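Undergrad: Handing you this structure, nothing more for now.
Since every read-out is calculated from the coordinates, none of them should be taken as a lab result. Quick caveat, the model's predicted, so the values are computed rather than measured. Don't worry about glycine lacking a Cβ; one is built from the backbone with ideal geometry, like all the others, and counts go over all protein chains shown.
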């Protein structure tokens, strides 16, 4: 019979690391023209220049990890010129490094756009808010940047950050069941549902590819990634454990490499993880790691690679969302190449809470969202060979889906249309099949489902070339 393209999951959670890096803002060439400071007070050329010089000293102290001393210099610079944005941003980050996030945000809240409305102000302020977890303010500034400076070289990065920050801020965290949320972020990371490995899955089999064809690939990268897996196992006290295999066929977690940023969905990502599972637990997790820096194409450092790998492994293990605290490995990004040197207590406590929750109860969280419930039913219909019912449910889900998840549901709808088209071909209803395949290709392309898109395109070409004879369905058999 005609092969149907199926997803053997209820709803695969697609999670990713947004391992972008915010660097300490460096002072640019000094412009001696006077500026208007806070409350309309004029700042003299002399004070502005002194503020610039003091701010540079603060920046060097910050880079050296001397955050207390850096704060004093930035404070001095801001007293001279309250409109000096570089010092304000760097003071914010210094306070964050000292564990004074609230003070840092209060400092950043006083930032004001420069008279020339420089795009760098909007970009840097937006990113800084995002790194400190103030996503609404981050989106406000970055969206302004995107709207008003569409030709800026950082526009793709800004769009990617908006996608990440939108995903981080979407939804309402689950109500606490009494656990101390200062020690974990379960209610935030799992607010849209999650899936974990069944207890009898341990040790998980892991396959790490050796991509010798990639120019920048270093064989030592394999050991770096193994050390990230081993750290999760040790830190969890054996809640999760791993064994390595030379075959991807038998592996639960597969790790691959790329030197092409375009292979990752988000234009600021350094890694990506796709997890598939259902109420019985996770079935497979695929991780892809970028081995070059997006900024200049240079090979990533082992510190950055381990950070990205640790983050993606956290997703593969069941931490579906992100931590709101930049000191955790599972925060959505890293700051000024200062990557967490180890998995935090909060990361581990969140993982332990996930693994103390039964797989069916954990997965059921997703049903609290109407769009997820509709999508789950749609996938069940699709897996049962009922693409008509699946398409209707996916269309219902699409009407309810938040903006940051719409492309995923469009991909599911594209697969449903593809399956409907194959059934129409068996009935020799070629025009209707062609129309559905066209819709399927459009949706799968938007969803960036390369495998599904190739299937639909192959069917479209075969349809135009030689429509199958219903008495010989094997002639239109598609590989799965």
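Undergrad: Answer rounded, prolate or oblate for region 244-398, using the Cα gyration tensor with square roots of eigenvalues a ≥ b ≥ c: rounded when a/c is under 1.5, else prolate when a/b is larger than b/c, else oblate.
TA: Here region 244-398 falls in the prolate category.
Undergrad: Where the eigenvalues come from the Cα gyration tensor of region 188-292, what are the semi-axes √(5λ) of the equivalent ellipsoid, largest first, in whole Å?
TA: Ellipsoid half-lengths, sorted descending, are 24, 18, 13 Å.
Undergrad: Give me the mean projected area, in nm² to one decimal, of the convex hull enclosing the Cα positions of region 49-94.
TA: Its Cα hull, projected and averaged over all orientations, spans 2.4 nm².
Undergrad: Using the alpha-carbon centroid of each, what span in Å lies between region 431-449 and region 185-255?
TA: 34
Undergrad: Now a separate question. What order do you get for 55-65, 283-293 when each peptide is scored by the mean count of other beta carbon atoms within 10 Å, highest first?
TA: Most protected by this proxy first, the peptides run 283-293, 55-65.
Undergrad: Restricted to Cα positions, what overall size does region 208-261 have along the principal axes? Three whole-Å values, descending.
TA: 37, 23, 19
Undergrad: Right, something else. Counting each pair of different Cα atoms once, what's the Kirkwood radius of region 410-464 in Å, rounded to one decimal?
TA: It is 10.5 Å.
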